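Working notes for the structure below.
The values are calculated or read from the model by the stated rules, or taken from the named source; none is laboratory data. Given the structure is predicted, the values throughout are model-derived calculations rather than measurements. Cβ placement follows ideal geometry from the backbone for every residue including glycine, while neighbour counts extend to all protein chains displayed.
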Amino acid sequence: MTTHRVEAPAGVQGGVSRRDDVRSLRIPILAMVLLAVVAPFVIYPVFLMKMLCFALFACAFNLLIGYVGLLSFGHALFFGAAGYLAGHAAKVWGLPFELAVLTGTATAALLGLVVGGLAIRSQGIYFSMITLALAQMFFFYCLRAQFTGGEDGIQAIPRGKLLGLVSLDNNLTMYFVVLAIFLFGFFFILRVIHSPFGQVMKAVRENEPRAVSLGYKADHYKLITFVLSAGLSGLAGGTKSIVFQLASLTDVHWGTSGEVILMVLLGGLGTVFGPIVGAVVIICVESYLAGLGGWVTVVQGALFVVCVLAFRRGIIGELSRVLHRPL
Amino acid sequence: MTTVFGVPIQALFSQLLVGLINGSFYALLSLGLAIIFGLLNIINFCHGALYMLGALVAWLLLRFFDLGYWPALLIAPLVVGLFGMLIERTMLKRLQGLDPLFGLLLTFGLALVIQGVARNYFGVSGEPYDVPEQLTGGRNLGFMFLPNYRAWVVLVSVVLCGLTWFVAERTRMGAYLRAATENPVLVQAFGINVPRLITITYGLGVALAALAGVMAAPIYRVNPLMGADLIIVVFAVVVIGGMGSILGSIVTGFALGVIEGLTKVFYPEASNTVVFVIMAIVLLVKPAGLFGRTA
């Protein structure tokens, strides 16, 4: 049984204690939060919300690939499923915003338990193919199912009121709610990867047989991380469908799974800020090229090729290597 | 009219034939994937895109050089095979020794590029491609009508699968190939040019996909996205069969095509998902696949 190692992020190893590790991230985190608070007054908030949703999705995905070394090719399943459930809950059941998003998140986590339980029985490439196949199965289910609206998707999902008090129809209000959700997810992930649990996750990534021989149940760690990653992806997907008032087949399609992989790869596998930077860059590139139609796919594909051949550390990975500090 | 479980026998046999046709393509594609995986240790995600490219080359040959089906059957795999060797030499070679996941990501990117470019120039509606004159028409077997072209496709793919199996298991070249799969360093030490063997193998696997593409052209039309969804089903087929054996991928390919066809008769709602459901069940019972060695 061999485990293949995904290239470790530069600078994460070394003699730095965990506490210093988190402390050294203080300044970049502060800068990120400040930027996010100022941004909606300069840039169109809806565009920023799209970035935040995908950034959270990418962070959740990175938890799995970057810290346990499992490449899921089916994460659109959780993102899209949560989108449908949150949309359905808000529109048909009339649940308020926070409960609708929670419904989506819980569904995604539950699906993560099922898919993860099946997929972690195999390793490496098999794992990727199985997640891809199961996500494709779910895509066909969504295409046929009644409540998803098939090709039309669920449209005109009401944004509703936060805690029944604050109307979310205003984009700026909505933005700060989405920012709060994003930051919750971000800090949650940060806490997980710097916890003892996170250390075991990394041990499983680096050398699974050795982790097992030390008495850690690698499969349990993998499954828990998978469920966490799926749930957080669901949080992102559910929020997105309510912000944009639309849940559609695009979100469960393998194209979306590929997109989130590209974001994390471009930003830097296994880095804290990489997925966020990757998501911002990809969303910008996509909206910049939107007028060119089919060329978006070609550019995405070319970015994949370039990243894999010449730029495997990603933007933040390279940056952290130059600065000699984990980012 | 004769019926089986309340289904007219004609409908049953015609879906069985559709299943066999689909199974032929599953088998040819998963066979190529298996050979490539054996030697390069990567899953070739752009296999579906290259299958499409085969069909597209056939269409271009007809359109611009007035070369019909029969020359295309030879030229398209050759062109795509050479293109594949170029990919292997310039890109995949540089990923040796890295995590195989990078190979998956690279070929996924290539698939996006190839399909994206094809879609920009040819649109998504697809172009029709005529069945060659010699194979038009069909014969009445008494219980069903069998179009000649479909019989030809099944026949060719059975022969090709058999041939590939023979080459891999019974010839010297195949012995080198299997030996290099087991231990490339040792085989190299015996004076066999392993990098060249890898390039040729990749080219052959890809040419097989292109050949399947040419054969599929008259059945499904030439469409830039014809390989995109197919490849995911083929992945599921590969998972079910297990990566260990060539025979496994052939048998599973045909079997799943037939099962899919039968599902269309008895429970049409599940016809798209049945392969994935079977995959899930197989994973629960035998994680390494039906014919695979333990992972």
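Just checking, which of A:Leu179, A:Leu111 is away from every other protein chain (no Cβ under 14 Å) and modelled with pLDDT of 90 or more?
Every option except A:Leu179 fails the conditions.
Hey, B:Phe65 hits all of (1) buried (at least 24 other Cβ atoms within 10 Å of the Cβ); (2) free of Cβ contacts under 8 Å to residues at least 12 places away in the same chain; (3) farther than 30 Å from A:Ser72 by Cβ but one; which does it fall short on?
Condition (1) is where B:Phe65 drops out.
Looking at A:Leu190, is it closer than 24 Å to A:Phe244 by Cα and within 19 Å of the chain's Cα centre (by Cα)?
So A:Leu190 fails the test.
Which is more than 14 Å from chain A (Cβ to nearest Cβ) and more than 17 Å from the chain's Cα centre (by Cα), of B:Pro100, B:Pro71?
Matching residue, one of B:Pro100, B:Pro71: B:Pro71.
Within the group A:Ile154, A:Ile189, which residue is touching a helix residue (DSSP H, G or I) at 6+ places or on another chain (Cβ under 8 Å) and farther than 28 Å from A:Val38 by Cα?
Exactly one of A:Ile154, A:Ile189 is touching a helix residue (DSSP H, G or I) at 6+ places or on another chain (Cβ under 8 Å) and farther than 28 Å from A:Val38 by Cα, namely A:Ile154.
For region B:244-283, which residues satisfy the criterion of being more than 8 Å from chain A (Cβ to nearest Cβ) and either part of a loop (DSSP other than H, G, I, E, B) or at positive phi (or both)?
Hits for region B:244-283 are B:Gly244, B:Ser245, B:Tyr267, B:Ser271.
So A:Ala180 fits all but one of (1) surrounded by fewer than 18 Cβ atoms within 10 Å (Cβ to Cβ); (2) in contact (Cβ under 8 Å) with a residue 24 or more places away in the chain; what number is the exception?
Evaluating A:Ala180 over (1) surrounded by fewer than 18 Cβ atoms within 10 Å (Cβ to Cβ); (2) in contact (Cβ under 8 Å) with a residue 24 or more places away in the chain leaves (2) as the failure.
Please go through (1) assigned to a helix (DSSP H, G or I); (2) at pLDDT below 90 for A:Thr105 and return the number of the only condition it doesn't satisfy.
(2) is the only condition that A:Thr105 fails.
Yes or no: region A:158-176 includes at least one residue that is in a helix (DSSP H, G or I) and either within 17 Å of the chain's Cα centre (by Cα) or crowded, with 21+ Cβ neighbours inside 10 Å (or both).
Among the residues of region A:158-176, at least one is in a helix (DSSP H, G or I) and either within 17 Å of the chain's Cα centre (by Cα) or crowded, with 21+ Cβ neighbours inside 10 Å (or both), which makes the answer yes.
Which residues, counting only those in region A:79-96, are of a type outside the set (Val, Ile, Thr) and assigned to a loop (DSSP other than H, G, I, E, B)?
Across region A:79-96, the qualifying residues are A:Trp93, A:Gly94, A:Leu95, A:Pro96.
For B:Ala168, are the conditions met, namely being within 14 Å of another protein chain (Cβ to nearest Cβ), aliphatic (A, V, I, L, M) and crowded, with 16+ Cβ neighbours inside 10 Å? Working first, answer last.
Working: within 14 Å of another protein chain (Cβ to nearest Cβ): no; aliphatic (A, V, I, L, M): yes; crowded, with 16+ Cβ neighbours inside 10 Å: yes.
Answer is no for this residue.
Condition (residue is closer than 30 Å to A:Asp169 by Cβ and among the β-branched types (Val, Ile, Thr)) applied to region A:107-125: is it met by at least one residue?
Pass one, region A:107-125, residues closer than 30 Å to A:Asp169 by Cβ: A:107-109.
Still in the list and also among the β-branched types (Val, Ile, Thr): A:107.
Within region A:107-125 (the criterion being closer than 30 Å to A:Asp169 by Cβ and among the β-branched types (Val, Ile, Thr)), the answer is yes, since at least one residue qualifies.
For region A:253-327, list the helices (runs of 4 or more DSSP H) that sit wholly inside it and hold at least 3 residues that are more than 10 Å from chain B (Cβ to nearest Cβ); which are they?
In region A:253-327, the matching helices (runs of 4 or more DSSP H) lie at A:254-267, A:274-289, A:314-323.
Among the residues in region A:146-155, are any within 14 Å of another protein chain (Cβ to nearest Cβ), closer than 24 Å to A:Ser72 by Cα and either among the small types (Gly, Ala, Ser) or part of a helix (DSSP H, G or I) (or both)?
No, the conditions are met nowhere in region A:146-155.
Go through B:Leu56, B:Leu86, B:Leu106 for me and flag whichever is in a helix (DSSP H, G or I), modelled with pLDDT of 90 or more, buried (at least 16 other Cβ atoms within 10 Å of the Cβ) and over 18 Å from the mean Cα position of the chain (by Cα).
B:Leu106 is the lone residue from the list that is in a helix (DSSP H, G or I), modelled with pLDDT of 90 or more, buried (at least 16 other Cβ atoms within 10 Å of the Cβ) and over 18 Å from the mean Cα position of the chain (by Cα).
Exactly one condition in (1) within 26 Å of B:Pro71 (Cα to Cα); (2) free of Cβ contacts under 8 Å to residues at least 12 places away in the same chain is false for B:Pro132; which is it?
Exception for B:Pro132: condition (2).
For (1) free of Cβ contacts under 8 Å to residues at least 60 places away in the same chain; (2) in contact with a Gly (Cβ under 8 Å, 6 or more places away or on another chain), each residue gets a yes or a no:
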position	(1), (2)
A:Thr105	no, yes
A:Gly116	no, no
A:Tyr126	yes, no
A:Gln136	no, yes
A:Leu168	no, yes
A:Met174	no, no
A:Phe186	no, no
A:Phe197	yes, no
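Identify, from the list A:Ala236, A:Ala211, A:Ala230, the residue that is over 21 Å from the mean Cα position of the chain (by Cα) and among the hydrophobic types (A, V, I, L, M, F, W, C).
Testing whether each residue is over 21 Å from the mean Cα position of the chain (by Cα) and among the hydrophobic types (A, V, I, L, M, F, W, C) leaves just A:Ala211.
Go over the candidates B:Ala288, B:Ala212, B:Ala217 one by one and state the one that is assigned to a loop (DSSP other than H, G, I, E, B) and either at pLDDT below 90 or touching a Leu at 6+ places or on another chain (Cβ under 7 Å) (or both).
Working: B:Ala212 fails: assigned to a loop (DSSP other than H, G, I, E, B); B:Ala217 fails: assigned to a loop (DSSP other than H, G, I, E, B).
Criteria check complete, one pass: B:Ala288.
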